[in-house]
Amino acid sequence: MSLWDKIKGEFIDIIEWTDDSNDTMVYRFERYGNQIKNGAQLTVRESQVAVFINEGQLADVFTPGRYELTTQNLPILSTLKGWKYGFNSPFVAEVYFVNTKRFTDLKWGTMNPIMMRDPDFGIVRVRAFGTYEIRVSDAAQFLREVVGTDGIFTQDEITNQIRNLIASQFADVIGQAKIPVLDLAGNYKNMGDMLVNAIAPKCQEYGLELTRMLIENISLPPEVEEAIDKRSSMGAIGNMDQFLKYQAAESLTQPGGGGTASDAMGMGMGFAMAGQMAQSMNQQQQPAATPPPVPQEIVYFVAVNGQQTGPFNMQQLSQMVASGELVKDSLVWRAGMEGWAAAGSLPDLSTVFGPPAPPPPPPPPQP
């Protein structure tokens, strides 16, 4: 450095940082010998925090605003330096600017598949990836735990560690959630919130805040995805009989579908096979044949001395006829009749009273 640059550096009294990199989290303000003059102007912009370090020890922290560096607004540094009545000569201190904005669209993903037990497919392996957002919530803690003496600290130096935390916690979250594979897509937001709650305390140990966590996709092995596609295809087919008929009719419109005897024979065999398959499926779907209901036995009630007796079946009624308890003029009734009727007037009881007597023989002829 030339003598003029040295002299110029000693008289520079403006301390500020403008970031045009979009990925720098911490920047150490560089000046010759780290000398700061009494009354120097410090400008801390929005989404920045300025931290003063004295001989390796963290001193004062400045939030957004414009400051004139004096003993009054450097209480910790004044104590460390032993300034009781102010200072006039330049003093030596390191100034770190910490970027407190949100760092967005940071990628995460599982390096290896995660095993999980699914009620539909058994044990499956899943992979996941997405994005997250972080910001520095405690500048002093972040400098102590992560940055150290790094003059320019970028997001790439911490994102690998955060990515590992997310992948580790994702395995625990998806195991505890016990969500079926087919329902994972509808629970991305809930699982993202669960991940934030699980990882946030660990990020706070670094002075960071995990502001948002997004799951973009949870993928399955190709064989499981193929099984899901087949299940979806079967559901889309619906009526197999109609589908087979459609396929057979569609073959007629394909190139080379007619014009030769072999084509006609092939179509005939296709129709026959489709018919046999449809008939077989219909037979499987039809319920088994059941026998007709057992006929109910006919029974009658008999009125005896104005009182209802019975019911009596046909055999019992025959016995009553033989004993004289039931005659053709006796009133009887059964289910379905409108009222009581004489037993001899009912066709059902004709067999009970026996065949009618033959007509008497004609008188002999007169001599």
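No lab work stands behind these numbers, since they all come straight from the coordinates. Bear in mind the structure is a predicted one, so any value in this text is a computation, not a measurement. Reconstructed Cβ throughout: ideal geometry from the backbone, glycine too, with neighbour counts over all protein chains shown.
Of note:
- For the listed residue pairs Lys101/Lys178; Lys178/Lys202; Lys178/Lys230, the alpha carbons are over 28 angstrom apart in Lys101/Lys178.
- Net charge of Cβ neighbours under 13 Å - reference Ile15; Lys, Arg +1; Asp, Glu -1: -1
- Relative contact order (percent, whole number), the stretch 103-223, Cα cutoff 8 Å, 6+ residue spacing: 40
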